[in-house]
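**Q** My questions will all concern the structure given below.
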Amino acid sequence: MAELIVEHLSLRFGGLTVLNDICFEVHPGELFALIGPNGAGKTSVLNCISGIYRGNGVIRFRGERIDGLAPHVIAARGLARTFQHGEVFAHMSVLDNLLTGRHTRIRTNPLAEMLFLPSVRRAETEHRQAVERIINMVDLERYRHAQVGSLPFGIQKIVGFARALALDPALVLLDEPSAGLNRQEREDLARYILRAKHELKLPMIWIEHDMQMIADLADRIHVLDYGRTIAEGDPEAVLNDARVRAAYLGRS
């Protein structure tokens with residue numbers, strides 16, 4: 001069974017059609033790449049899935065419809081995402097940023113927290129242990145207590161990715177995680193993505209402009225152009241598709 005099913009998704013802002021009849025599925029453990037030229041509608045797809053935008057169509061996550069639900073409700077069901085610009089809490093430490101990613105897993109109530117009851121202490125220990133596992137997975141140990149705003153941009157992007165993993169998600173939406181990274185940082189990110197895929201068995205929808213990374217890592221590719229699907233399939237076939245090349249390079 002597919003983890004996520006998107007059926008006939010359309011999105012319009014006034015007279016502007018942003019997405020037109022988009023359909024795809026994401027399978028368990030799959031790294032599903034969503035690519036296309038700038039303005040093709042890729043981030044709009046993620047915004048519809050995560051509840052930021054409300055389009056027309058059906059979106060099913062683990063068999064249940066999530067279209068129309070609020071973003072925090074969708075996150076609580078196990079769907080996490082990153083953003084193009086990191087969107088981290090700059091004044092907080094790396095550790096505290098990741099702990100915010102645990103918010104949907106917190107089951108204690110304010111009164112118990114105020115009294116710091118044993119149940120609260122146990123829960124906090126569990127949350128911190130979960131965060132430490134993610135810190136180790138993405139090699140952030142030396143930055144654990146550093147203020148995120150003082151870190152290089154590339155490390156901030158890794159923190160954003162780690163915070164999504166801290167949710168203990170069932171599926172992750174990656175919105176251009178390599179944007180703004182240098183070659184070494186991209187190689188590190190690729191390693192972390194593969195580690196999350198294989199060790200956590202996580203399916204991911206991955207928006208990316210680095211075609212070499214896509215060719216090396218993606219299991220399957222879905223291509224958008226002007227809000228429409230123009231190709232889908234395995235990386236070799238899609239990246240050699242004449243329609244895809246025309247969308248990126250232009251027609252003579």
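The values are calculated or read from the model by the stated rules, or taken from the named source; none is laboratory data. These numbers were taken from a predicted model, which means no experiment stands behind them. Virtual Cβ from ideal backbone geometry, glycine too; neighbours counted across all protein chains shown.
**Q** Scan the stretch 104-129 residue by residue and report those that are touching a residue at least 12 places away in the same chain (Cβ under 8 Å), of a type outside the set (Ser, Thr, Tyr) and part of a helix (DSSP H, G or I).
**A** Listed by number, the residues that qualify are Arg105, Val120, Ala123, His127, Arg128.
**Q** Right, next: Looking at (1) free of Cβ contacts under 8 Å to residues at least 40 places away in the same chain; (2) within 15 Å of the chain's Cα centre (by Cα), can you tell me which one Ala164 breaks?
**A** With (1) free of Cβ contacts under 8 Å to residues at least 40 places away in the same chain; (2) within 15 Å of the chain's Cα centre (by Cα) applied to Ala164, the lone miss is (1).
**Q** Let me ask another. State all residues of the stretch 85-103 that are assigned to a loop (DSSP other than H, G, I, E, B) and touching a helix residue (DSSP H, G or I) at 6+ places or on another chain (Cβ under 7 Å); if no residue qualifies, say none.
**A** Scanning the stretch 85-103 gives Gly86, Glu87, Val88, Phe89, Ala90, His91, Met92, Gly101, Arg102.
**Q** Check Phe83, Phe89 and return the single one that is in contact (Cβ under 8 Å) with a residue 24 or more places away in the chain, touching an Asp or Glu at 6+ places or on another chain (Cβ under 6 Å) and either closer than 28 Å to Glu208 by Cβ or assigned by TED's automatic domain parsing to the domain that holds Gly180 (or both).
**A** Phe83
**Q** Contact list please: Cβ distance under 7 Å, first residue in the stretch 32-46 and at pLDDT below 95, second residue aromatic (Phe, Trp, Tyr) and part of a loop (DSSP other than H, G, I, E, B), pairs at least six apart or on different chains.
**A** Close Cβ pairs (under 7 Å, with a partner that is aromatic (Phe, Trp, Tyr) and part of a loop (DSSP other than H, G, I, E, B)) amount to Ala40/Tyr226.
**Q** Could you check, for the stretch 113-122, whether at least one of its residues is within 25 Å of Ala90 (Cβ to Cβ) and of a type outside the set (Lys, Arg)?
**A** No, because not a single residue in the stretch 113-122 is within 25 Å of Ala90 (Cβ to Cβ) and of a type outside the set (Lys, Arg).
**Q** I'm checking my understanding of the structure. Among residues of the stretch 130-167 that are assigned to a helix (DSSP H, G or I) and among the polar types (S, T, N, Q), which one is surrounded by the most Cβ atoms within 10 Å (Cβ to Cβ)?
**A** Once the filter is applied, the top-ranked residue is Gln156.
**Q** When you scan the stretch 82-94, do you find a residue that is within 16 Å of the chain's Cα centre (by Cα), hydrophobic (A, V, I, L, M, F, W, C) and under 19 Å from Pro169 (Cα atoms), even just one?
**A** yes
**Q** May I pose another question? If Pro177 satisfies every condition in (1) loosely packed, with under 15 Cβ neighbours inside 10 Å; (2) assigned by TED's automatic domain parsing to the domain that holds Trp206 but one, which is the exception?
**A** (1)
**Q** Looking at (1) closer than 18 Å to Ser50 by Cβ; (2) modelled with pLDDT of 95 or more, find the lone condition where Tyr143 falls short.
**A** All conditions pass for Tyr143, except number (1).
**Q** Does Val223 satisfy the condition of being farther than 23 Å from Ser93 by Cα and surrounded by fewer than 22 Cβ atoms within 10 Å (Cβ to Cβ)?
**A** Against the criterion (farther than 23 Å from Ser93 by Cα and surrounded by fewer than 22 Cβ atoms within 10 Å (Cβ to Cβ)), Val223 does not qualify.
**Q** When the stretch 35-80 is examined, which residues are found to be in contact with a Pro (Cβ under 9 Å, 6 or more places away or on another chain) and within 30 Å of Asp241 (Cα to Cα)?
**A** Ser50
**Q** Okay, next question. Filter the stretch 19-56 for residues that are touching a Ser or Thr at 6+ places or on another chain (Cβ under 7 Å) and closer than 18 Å to Arg81 by Cβ; which is surrounded by the fewest Cβ atoms within 10 Å (Cβ to Cβ)?
**A** My answer is Tyr53.
**Q** Looking only at residues in the stretch 29-72 that are outside any loop (DSSP other than H, G, I, E, B) and among the charged types (D, E, K, R), which one is farthest from Ile230 (Cα to Cα)?
**A** Ranking the qualifying residues of the stretch 29-72, first place goes to Glu64.
**Q** While we're looking at this one, here's another question. Of the residues in the stretch 193-220, how many are within 14 Å of the chain's Cα centre (by Cα) and surrounded by fewer than 18 Cβ atoms within 10 Å (Cβ to Cβ)?
**A** 1
**Q** Also: Can you pull out the residues in the stretch 180-192 that are surrounded by fewer than 15 Cβ atoms within 10 Å (Cβ to Cβ) and within 16 Å of the chain's Cα centre (by Cα)?
**A** Passing the criteria: only Arg191.
**Q** Kindly provide the set of residues from the stretch 172-222 that are under 18 Å from Phe61 (Cβ atoms) and part of a loop (DSSP other than H, G, I, E, B), ordered by number.
**A** Lys201, Leu202, Pro203
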